[in-house]
Every structure is written in structure tokens, then in C-alpha cells.
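The values are calculated or read from the model by the stated rules, or taken from the named source; none is laboratory data. As the structure is a prediction and not an experimental result, all values here were calculated from the model. Glycine also receives a Cβ, built like all others from the backbone with ideal geometry; neighbour counts cover every protein chain displayed. The accessibility values were calculated without ligands, DNA or RNA, using every heavy atom of the protein model including side chains. Shrake-Rupley method; radii C 1.70, N 1.55, O 1.52, S 1.80 Å.
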Amino acid sequence: MLIYALLICLPMLAFGQDILANQEFIRFDVDGDGNIEPREVQQYFRRFDSDGDGRISRQEYRHEVDTHHIVNSAVHQTLTRLFDELDYNNDNHIDQSDFNKFFHNADTNQNDLVNHAEFVNYFLQLTGGF
């Protein structure tokens, strides 16, 4: 019975993460052209950095997540995991260099653009959905 429940739930969890990845891609792609450019990453970063200190604290991140996402523990858990993964230097803050590294790692074809497929694949890798 447990195995049956897992077989039913696992695809739903992955589907949920796909939806979340799509939502985040749309938020990053400020100009809506289907690609994320470095300037859009900077704009997205500034939106989270509410106190303008050049770093996104866990509190700033949580506030932005609470403001723009439904109250859902699975979504919050996934986005918390994303924060931890984006904090490449493990200083409990995300700074512009962390966002730049995220962009660089997601840009698998190294054309200075992150398309939808690249973003979703990397998002799912970071959040455990891939």
C-alpha cells in the first residue's frame, strides 16, 4: 500500500516542482522574451534585496516567497532548499555573485542566455526534482 501511494504521489510532486520552476522562470524573464539575460538576473536580485545592502538574507527571501507564492508547505520547502543551494559560499546570504553563479551554471550552452529548458532543468537539479 505504501509503495502504491508513493508511485502515485511522486509524479505529482515532480509536476508541482515543474509548475514552480515555470513560475520562477516567468518571474526571472522580466521582458518576456523566453530567455533570461544577466540584466534580468540583476533586476530579480534587487527585488529580493529589500534593504539594498547587496545581499539577500533568509528573512528577505522568506518575505518575498510569502508575498508571491501560495501558502503551501511543499512550495516553501522547495524554495527554502533553493535558497540553501543558491548560497554557494554558505554565508546564509545570497549575493549577486551567487546569482551570477546560478546564471552561469544554468546556461549550459554558454550563450549568455538561459532559456526555459535550461532554467527548469537546473531548478529541478537544485531542488531535488530532477
The stretch 86-130, residues that are part of a loop (DSSP other than H, G, I, E, B), closer than 20 Å to ARG62 by Cα, under 14 Å from the mean Cα position of the chain (by Cα) and of a type outside the set (Ser, Thr, Tyr): ASP87, GLY128
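Taking the stretch 20-57 only, how many residues are over 19 Å from THR127 (Cβ atoms) and either of a type in the set (D, E, K, R) or in contact with a strand residue (DSSP E or B) (Cβ under 7 Å, 6 or more places away or on another chain) (or both)? Steps first, answer last, please.
Step one: of the stretch 20-57, the residues over 19 Å from THR127 (Cβ atoms) are 30-35, 37-40, 42-43, 46-47, 49-55, 57.
Checking the rest, the ones that are also either of a type in the set (D, E, K, R) or in contact with a strand residue (DSSP E or B) (Cβ under 7 Å, 6 or more places away or on another chain) (or both) come to 31, 33-35, 37, 39-40, 46-47, 49, 51, 53-55, 57.
Selection size over the stretch 20-57: 15.
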State yes or no: is ASP31 modelled with pLDDT of 90 or more, more than 17 Å from ASP18 (Cα to Cα) and in a loop (DSSP other than H, G, I, E, B)? yes
Out of the residues in the stretch 61-106 that are open to solvent by 40 Å² or more (accessible area, probe 1.4 Å) and small (Gly, Ala, Ser), which is modelled with the lowest pLDDT? SER73
